[in-house]
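**Q** Here's a structure for you.
Read-outs throughout are calculated quantities, based only on the coordinates presented, and are distinct from any laboratory measurement. Just so we're clear, the structure is a prediction, and the values are computed from it rather than from any experiment. When we count neighbours, we look across all protein chains shown, and the Cβ atoms used for this are built from the backbone with ideal geometry, even at glycine.
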Amino acid sequence: MEEQSEATQQPQGELAKGYEHREVEARWYRVWKERGYFHGDERDRTRPAFSIVLPPPNVTGSLHLGHALTATLQDILIRWKRLSGFNTMWLPGTDHAGIATQMVVEKELKRTEKKSRHDLGRAAFLERVWAWKEQYGSRIGQQHEALGACLDWERERFTMDEGLSRAVREVFVRLHEEGLIYREKKLINWCTDCRTALSDLEVEHEEGHAGELWSFAYPLVSPAGGLAEIVVATTRPETMLGDTAIAVHPEDGRYAALVGSKVRHPLTGREIPIVADAILVDPKFGTGAVKVTPAHDFNDFEVGRRHGLEFLTVIGFDGKMTAAAGPVAGLDRFEARKEVKRLLAELGLERGAKANPMALGRCQRSQTVLEPLLSDQWYVKIAPLAEPAIRAVEEGRTRFVPEQWTNTYMAWMRNIHDWCISRQLWWGHQIPAWYCPDGHVTVARETPVACSTCGTTTLRQDEDVLDTWFSSGLWPFSTMGWPDRTETLKTFYPTSVMETGHDIIFFWVARMMMMGIHFMGEVPFKTVYLHPMVRDSKGQKMSKTKGNVIDPLLVTEKHGADALRFTLAALTAQGRDIKLADERIDGYRAFANKLWNASRFALMNLEGHVDGGGDPIGQARTPADRWILARLQRAVNETVEALEAFRFNDAANTVYHFVWHELCDWYIELSKESLNGDDPARKAAAQAVLVHCLKSSYLLLHPFMPFITEELWGVLRRRVAASAWPDSIMEGRYPTVGLVDEAAERAFAPVLGIIDAIRNIRGEMNIAFKVALGQETPVHVAVTDAATHALLLAGESKRVARLTHVENLQLHLAAATPRMPQSTVGVGVGFEVRVPLAGVVDVGAETARIDKELARVDADLRLIEGKLSNPNFVARAPAEVVEKDRARVEELRTTKLKLINHRAVMSGADQPTEEKTMENNTPNPSVTPAPAQPVGEKVEQAATAVVEAVKAEAVKLEQQMEKRAAPTIRKARKAVAKARKAVKKGVANARRAVKKGVAGAKKAYKKAGKSFSRKAPSKAGKRPVKKVAKKKVAKKAKKK
RNA sequence: GGGCGCUUAGCUCAGCGGUAGAGCAUCGCCUUCACACGGCGAGGGUCGUAGGUUCGAAACCUACAGCGCCCACCA
């Protein structure tokens, strides 16, 4: 705990001027770990459990930003739940990643020693892999620590450690006993490069591969039905050496007579039967005759089974043609393709070729074109396992977030094929099956002494290993000690959330569901949250081959782990990929700095403050204090709600906005009045509120930015000498949802509005009050509401003055400020601000400014008035919407009138005498001397001037509106013309009808499973054009 | 071939039935005693196109276009 004391030694009230993440982040992780904050207590049943298992990264890999995202989101959930009183447990671990790891080590072996794994032999090679694992396995842990992930390291597991291997054998044996694991010789996807079988999922389909459909003729042994040959087409000419049938459709008249007869293989002389198969053959495609290669094509394999055909293997596991391939034996399969084409052409049997874009299956790992080959493999019979996993989701026992993934999951599960689980690799769980010389199979948990069938003791274990995903599929319970019934399982299974990328829904999520339900009798997780993919700033997928993989450690070093975490969270919106740009991370680093400095400000202003945790100075709170507390509660509510719904971006943005733009930009500035003032009660209140807001901000932010919040928590805690604050923020309590003091928000809104208005005038007119005009330049503020007026009098006006750098603020309780010819004005709901600028104000500029404001107000007004004048709106819209609009219209009208008045004054009516206003004008003479009431002619004159100005304004506005409406009118006219034309010719109608009809027909045909012809006539969409056109015009007119 | 997603300000994206938003970038002002990793102000959008539903559509429906992803054994 040396780190702690280091922090403690920091002199009170002093923080470095800027936040240095390197120094702070280096300190805390070990402290947390040593204090045991990361450990979930399996015996604790007093608190609700919240558990997550970390998707295990490849043990020899290195984390990339996708992992950083996973770690960040899960850590956010864990820390948030932890602070909210849950017994949290986050289980880390790594995956042995069969093919990936083996290939890496093989490559290394080749590079350094120029040896293959076969040169070393199985045992020696595996030793190398284990050594590799030991060397690189720890890197992942370090990366997670740098990110601040509070993983329960005491529970760290590896898919090939003893316990998990035991679970794997247990599952294999049980499934085998239940008849759900079987061994069979059938076609599998084979990678000739990796030299292993693959599951369907490991096949990548290359869309639109430029294939060629090449045709050639098989001569009939004995010509019949007027035919001497049958022409077939293929994308893989080399497989013709393995053809053992020609298939035609049973109802195809062209070939009816030939079924049962034979063709002669032009290259090997074999006789091949012609069979009828309705499933394989579409008589309308090509020539209607199909060559059948049962040993090298999945469809043909089925045909072979149906018709009892010979399975002739002509391509070997090495991708070279076998001896059975006759003239091309020994050639590589792609070479053989060329050679076969040449030979057949030579024989005069080529019958043309055409381009044929096709999907090509490639190995996910090596990108090699896969070869369907016959071999003995182990399979999991998946349908009986899938069914309960489907039901669990249907019944809502597990739900997907975002919801759309439910469909993806369901579609795959409902169309699932048996899972090939054996791999011809060395690195992995060796299959617990033993063979005796007679070929009997013994499946057992431990090495058996004798064959279970014949009793012989010469047994040989199956050399293959299991698919990596077989062990990963058990992860949620194998890591918790299964098959033993451990306390950990009882407490933390099922896990609360599975958080991972959507790219492994099938590979992993689906399999965990099936295995979890089957062996635990309960779903492995209640919620599956699928995060977006992280891409680079150009939107490209990060991959080693592209070289755009970013090591999170480099980012944390540069910007800080907190900044990276916050960025990832802020960008994690549902249903969209994350494009990570450096500037964005830097922006959030600035945010950390902002928080740091807000705290620094607090430390400088807290002398004497003791936080007892209670609320001793409630009465002294100013409206500003109450306002920020209301805003805090609102932020808390929104943050918690967002987290509950996994809307990480909303949660992050809410806290960000509160801390920076409300706490820092507004409250801290406002609080300076109290903190620097001479009222001790107010000062104490401001201190308490500030401390409370900062403390709450740290807690709210802690899941996102654990390091800086922990550091600041400690610093502030020591400063306020609070016994109520736990040592570490990790023992704190997350703020809870509560009622927002809306009255406090409302009451303070005018103050904020007035400040905005004054700042707006300054900014717009580029006025530096102090510099250009001296300190006495008065700023007049008139408010219509007595309560607001009282509030300002009671001290809030001082805040206004401070925040706007105005020294001479004149407050009036009135509908409007005193008139003065050369001035500038700002208007808001319930107040008006005026700055006299005799000799300085640029009348032209000010008029322009007011015009701009007027145009804006007027646009709004027109819109809402238009709505309100629509009887349908008033009648059908919800009452509160209408009410809201009515109130808004009143506000806008008032504002407009004030602006028009002001403008009139600006442009010449230098002695306006009567205020045109729609509000109650109840001047309070004790505060503001009522303006002297002018009399006689002058009144008349001034009034006329005002009226004239208003009239001029109206004309101008009308012109403006006309201009605005012009495009609409033009459009409407166009529509009329178009409609006339359409009526005359009926063209538009016909077009629409045809289009609609075609679409409908297309759908109908598709539904019927038939091909679609464009000739289909249609009766749909026969709406008379005249009506359509009229309606259109009417609508446009209405809009106007 | 089937399915899913996306198209909103210069860029990256929120919003998903009631007055078009954020961050960054841009422009102007401010070196004010927490922070220039800062403050204040401003400009910038016919919300992909065309129809429809609705009092009201960026949002819901339909079609189309472009981009992206997933699944799939049509020779």
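**Q** Can you compute 3J(HN,Hα) from phi for each residue in region A:97-107, using the Karplus curve 6.51 cos²θ - 1.76 cosθ + 1.60 with θ = phi - 60°, rounded to whole Hz and x for Gly and Pro?
**A** 6, x, 4, 4, 5, 4, 5, 4, 5, 4, 4
**Q** Of all the Cα-Cα pairs you can form in region A:378-464, what percent are over 20 Å apart?
**A** Working: 2084 of 3741 pairs.
Value for region A:378-464: 56 percent of Cα pairs lie more than 20 Å apart.
**Q** Of A:Thr709, A:Ser723, A:Tyr734, whose Cα points farthest to the positive end of the dipole of region A:695-747 (charges on the beta-carbon: +1 Lys, Arg; -1 Asp, Glu; origin at the Cα centre)?
**A** Going by the charge dipole, the pick is A:Ser723.
**Q** Take every Cα pair under 8 Å in region A:432-582 that's 6+ residues apart, average their separations, divide by the length, and report that relative contact order as a whole percent. Don't skip to the answer; put the middle values down first.
**A** Details: 185 pairs, mean separation 24.3, N = 151.
The value is 16 percent.
**Q** Please identify the trypsin sites (Lys or Arg not before Pro) of region A:67-146 that satisfy two criteria: DSSP loop assignment and at most 11 other Cβ atoms within 10 Å. Which are they?
**A** Details: sites: A:Arg79, A:Lys81, A:Arg82, A:Lys107, A:Lys110, A:Arg111, A:Lys114, A:Lys115, A:Arg117, A:Arg122, A:Arg128, A:Lys133, A:Arg139; in loops: A:Lys114, A:Lys115.
Taking region A:67-146 and a limit of 11 other Cβ atoms within 10 Å, the loop trypsin sites (Lys or Arg not before Pro) found are A:Lys114.
**Q** Please give the charge dipole size of region A:71-213, origin at the Cα centre, charges +1 on K and R Cβ atoms and -1 on D and E Cβ atoms. Round to the nearest 20 debye.
**A** Values: 22 positive and 25 negative charges, 91 e Å.
Using only the charged Cβ atoms, the result is roughly 440 debye.
**Q** What does the C-alpha gyration tensor say about the overall shape of region A:150-287? Classify as rounded when a/c is under 1.5, otherwise prolate if a/b is larger than b/c, or oblate.
**A** On the way: a/c = 3.36, a/b = 2.63, b/c = 1.28.
Note, shape of region A:150-287 comes out prolate.
**Q** Now for a separate question. Going toward the positive end of the dipole of region A:364-443, with +1 on Lys and Arg Cβ and -1 on Asp and Glu Cβ, which of A:Ala411, A:Pro372, A:Gln424 do you reach last?
**A** A:Ala411
**Q** Hey, got the dipole for region A:243-327? About the Cα centre, +1 on K and R Cβ, -1 on D and E Cβ, debye to the nearest 20?
**A** Dipole about the Cα centre, nearest 20: 220 debye.
**Q** I've got another one for you. Hey, can you grab everything whose amide H is under 5 Å from the amide H of A:Thr196? Only 5+ residues off in sequence or another chain; H modelled, so Pro and N-termini drop out.
**A** A:Cys191
**Q** Right, here's the next one. According to a simple spin-label model (label point 7 Å from Cα along Cα-to-Cβ), what is the distance in nm between A:Lys354 and A:Ala681?
**A** Simple spin-label model gives 9.4 nm for this pair.
**Q** Using the Karplus curve 6.51 cos²θ - 1.76 cosθ + 1.60 with θ = phi - 60°, what ³J(HN,Hα) values do you get for each residue of region A:108-123, in whole Hz, with x for Gly and Pro?
**A** 4, 4, 5, 5, 8, 10, 6, 10, 9, 5, 5, 4, 7, x, 4, 4
**Q** Would you kindly state how much longer the chain becomes between A:Glu154 and A:Glu865 on full extension, computed as 0.36 nm times their sequence separation minus their alpha carbon distance, in nm to one decimal?
**A** 249.2 nm
**Q** Which trypsin sites (Lys or Arg not before Pro) from region A:272-305 combine a DSSP loop assignment with at most 14 other Cβ atoms within 10 Å? Don't skip to the end; give the middle numbers.
**A** Numbers: sites: A:Lys284, A:Lys291, A:Arg305; in loops: A:Lys284.
Passing sites in region A:272-305 are A:Lys284.
**Q** With +1 on each Lys and Arg Cβ and -1 on each Asp and Glu Cβ, and nothing else charged, work out how big the dipole of region A:10-111 is about its Cα centre, in Debye to the nearest 20.
**A** 100 debye
**Q** Can you find, among A:Gly455, A:Ala510, A:Met498, the residue farthest towards the positive end of the dipole of region A:392-550? Put +1 on the C-beta of Lys and Arg, -1 on that of Asp and Glu.
**A** A:Met498
**Q** Same structure again: Indicate the gyration tensor shape class of region A:260-337 (rounded, prolate or oblate), computed on the Cα atoms with a ≥ b ≥ c the square roots of the eigenvalues: a/c under 1.5 is rounded; otherwise a/b larger than b/c is prolate and the rest oblate.
**A** prolate
**Q** Let me ask another. In terms of modelled amide H atoms, which long-range or inter-chain residues lie less than 5 Å from the amide H of A:Lys579?
**A** Sorted by chain and number, the residues that satisfy this are A:Arg535.
**Q** Moving on to the next point. Stretch A:Glu207-A:Ala581 to full length: gain in nm at 0.36 nm per residue minus the Cα-Cα span? Let's see the in-between values first.
**A** Details: separation 374, 0.36 × 374 = 134.64 nm, distance 3.02 nm.
131.6 nm is the gain from fully extending A:Glu207 to A:Ala581.
**Q** Using amide H atoms built 1.01 Å from N in the peptide plane, name the residues 5+ places from A:Val779, or on other chains, whose amide H lies under 5 Å from its own.
**A** The answer is A:Asn808, A:Leu809, A:Gln810.
**Q** Could you give me the ³J(HN,Hα) list for region A:664-680, computed from phi with Karplus coefficients 6.51, -1.76, 1.60 and θ = phi - 60°, whole Hz, x at Gly and Pro?
**A** 6, 5, 9, 5, 4, 5, 5, 6, 4, 4, 6, 5, 8, x, 10, 9, x
**Q** Estimate the FRET efficiency between A:Lys110 and A:Lys284 by the formula 1/(1 + (r/R0)^6), using the beta-carbon distance for r and 45 Å for R0, to the nearest 0.05.
**A** Numbers: r = 51 Å, r/R0 = 1.14.
The pair A:Lys110/A:Lys284 has a calculated efficiency of 0.30.
**Q** Classify region A:617-717 as rounded, prolate or oblate, taking a ≥ b ≥ c as the square roots of the eigenvalues of its Cα gyration tensor: rounded when a/c is under 1.5, otherwise prolate if a/b is larger than b/c and oblate if not.
**A** Working: a/c = 2.48, a/b = 1.76, b/c = 1.41.
Taking the square roots of the gyration eigenvalues as a ≥ b ≥ c, region A:617-717 is prolate.
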